[in-house]
Amino acid sequence: MDASISAAGVAQALSHLLDDGDFEGAEELLTLALTQAPARLQSFYHHQFGRVYMRWNKLSSAVAHLNQAAELAHLQGEEILLIQVVEDLRLAKDKQQGQRP
């Protein structure tokens, strides 16, 4: 199976799970996808993990995955993804700071 089709399928299924508020299902889907993904898609899946955890309000996990996604995107020279990840990372850290006493 073509990896790009697989990634598109995962993204579509992820969208449906999040629309239904099924964060556990989204987490399971991404875990499976990440374990089977070629190296070039790992930054994409870590980014998706970070976005899921932001919506789920698991901000420490979101920041960890977004940091990993940023590092991988940088190493792979994926500048557009890196810009998106850095913006989401900023949002997650801002949200995390807002929760501290």
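Every number in this text was worked out from the coordinates using simple rules, so none of it is lab data. Since we're looking at a predicted model, the values are computed, not measured. Cβ placement follows ideal geometry from the backbone for every residue including glycine, while neighbour counts extend to all protein chains displayed.
From Ala73, Ala11, grab the single residue that is in contact with a Ser or Thr (Cβ under 7 Å, 6 or more places away or on another chain) and not charged (D, E, K, R).
Values: Ala11 fails: in contact with a Ser or Thr (Cβ under 7 Å, 6 or more places away or on another chain).
Only one candidate passes the filter, namely Ala73.
Counting only residues that are in contact with a Gly (Cβ under 8 Å, 6 or more places away or on another chain) and crowded, with 23+ Cβ neighbours inside 10 Å, how many does the stretch 39-73 have?
Summing the residues that are in contact with a Gly (Cβ under 8 Å, 6 or more places away or on another chain) and crowded, with 23+ Cβ neighbours inside 10 Å in the stretch 39-73 gives 4.
Consider only pairs whose beta carbons are under 7 Å apart and that are at least six residues apart or on different chains; among these, list those whose first residue lies in the stretch 87-98 and is more than 11 Å from Tyr53 (Cβ to Cβ) and without any contact (Cβ under 8 Å) to a residue 60 or more places away in the chain and whose second residue is small (Gly, Ala, Ser) and surrounded by 11 or more Cβ atoms within 10 Å (Cβ to Cβ).
Leu89/Ala70
Please give the helices (runs of 4 or more DSSP H) falling wholly within the chain in which 2 or more residues are of a type in the set (Lys, Arg) and out of contact with any strand residue (DSSP E or B) (no Cβ under 6 Å at 6 or more places or on another chain). Don't jump to the end; show me each part of the working.
Numbers: elements: 3-19, 23-36, 42-55, 59-76, 79-99.
By residue number, 42-55, 79-99.
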